[in-house]
């Protein structure tokens with residue numbers, strides 16, 4: 001019997017929205033169903049991608065350079081990890097993908113949307129996630145969560161409040177244009193309630209088609 005294509009699930013949201021907490025839960029849910037799963041992240045996911053991640057999170061650079069490096073890391077990630085996994089029937093759960101570039105470099109930095117669209121089409125015009133969870137939270141609340149962690153901040157987390165508000169608006173704009181793919185999650189809810197929503201959504205939109 002031929003191997004079916006794996007599903008591609010991504011998690012998005014402004015820094016501090018709490019999405020990372022739920023990625024492991026989804027991976028465990030899928031593996032409990034007997035599925036092979038790869039958990040990965042962007043920028044990163046490959047040795048080269050992780051090196052680019054360090055530059056992107058900590059080095060100042062021109063906004064267009066930042067966007068180009070994001071997509072360069074993504075192309076490597078797709079070629080080395082995501083596309084081979086999906087082709088072999090393996091599910092991929094990824095912490096951020098191109099929606100993040102649209103929000104951070106497009107909304108936050110002001111990158112021209114036409115340039116973003118051109119890069120997105122070039123790098124992965126053939127592929128979008130099957131399902132995306134967008135964790136939505138007011139920037140001031142997200143900032144309080146990050147402050148309580150007491151860790152060193154990357155350059156995006158150190159940006160002013162208006163930057164994070166632009167990122168949030170861009171995320172919601174992206175969600176409005178892709179309603180069938182992006183599920184907006186109120187990240188101000190409790191962990192258990194969010195986990196229930198995510199679990200039910202995965203079961204309905206992805207696992208139901210596997211039965």
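The values are calculated or read from the model by the stated rules, or taken from the named source; none is laboratory data. Small disclaimer: the values here were computed from a predicted structure and weren't measured. When we count neighbours, we look across all protein chains shown, and the Cβ atoms used for this are built from the backbone with ideal geometry, even at glycine.
A few comments on the model shown:
- Residue match in the range 101-112 (condition: crowded, with 23+ Cβ neighbours inside 10 Å, out of contact with any strand residue (DSSP E or B) (no Cβ under 7 Å at 6 or more places or on another chain) and without any contact (Cβ under 8 Å) to a residue 40 or more places away in the chain): yes
- Only one of the numbered conditions (1) exposed (fewer than 13 other Cβ atoms within 10 Å of the Cβ); (2) more than 29 Å from residue 34 (Cβ to Cβ); (3) touching a residue at least 12 places away in the same chain (Cβ under 8 Å) is violated by residue 158, and that is (3).
- Subset of the range 1-45 [assigned to a loop (DSSP other than H, G, I, E, B) and within 15 Å of the chain's Cα centre (by Cα)]: 7, 14, 15, 16, 17, 18, 19, 42, 43, 44, 45
- Matching entry among 72, 85, 79, 103 (being within 12 Å of the chain's Cα centre (by Cα) and either at pLDDT below 95 or assigned to a helix (DSSP H, G or I) (or both)): 103
- Taken over the range 88-100, residues that are in a helix (DSSP H, G or I) and touching a strand residue (DSSP E or B) at 6+ places or on another chain (Cβ under 7 Å) amount to 2.
- Taken residue by residue, the range 120-131 has no member that is at pLDDT below 95, within 29 Å of residue 201 (Cα to Cα), out of contact with any strand residue (DSSP E or B) (no Cβ under 8 Å at 6 or more places or on another chain) and buried (at least 18 other Cβ atoms within 10 Å of the Cβ).
- Among the residues listed as 48, 55, the single one being in contact with a helix residue (DSSP H, G or I) (Cβ under 9 Å, 6 or more places away or on another chain), assigned to a helix (DSSP H, G or I), closer than 20 Å to residue 157 by Cβ and free of Cβ contacts under 8 Å to residues at least 40 places away in the same chain: 55
- Count of residues meeting criterion [over 18 Å from residue 53 (Cβ atoms), surrounded by 13 or more Cβ atoms within 10 Å (Cβ to Cβ) and touching a helix residue (DSSP H, G or I) at 6+ places or on another chain (Cβ under 8 Å)] in the range 138-155: 4
- For the criterion of being at pLDDT below 95 and touching a helix residue (DSSP H, G or I) at 6+ places or on another chain (Cβ under 9 Å), residue 5 passes.
- Residues in the range 170-201 that are part of a helix (DSSP H, G or I), crowded, with 17+ Cβ neighbours inside 10 Å and within 16 Å of the chain's Cα centre (by Cα): 170, 171, 174, 175, 198.
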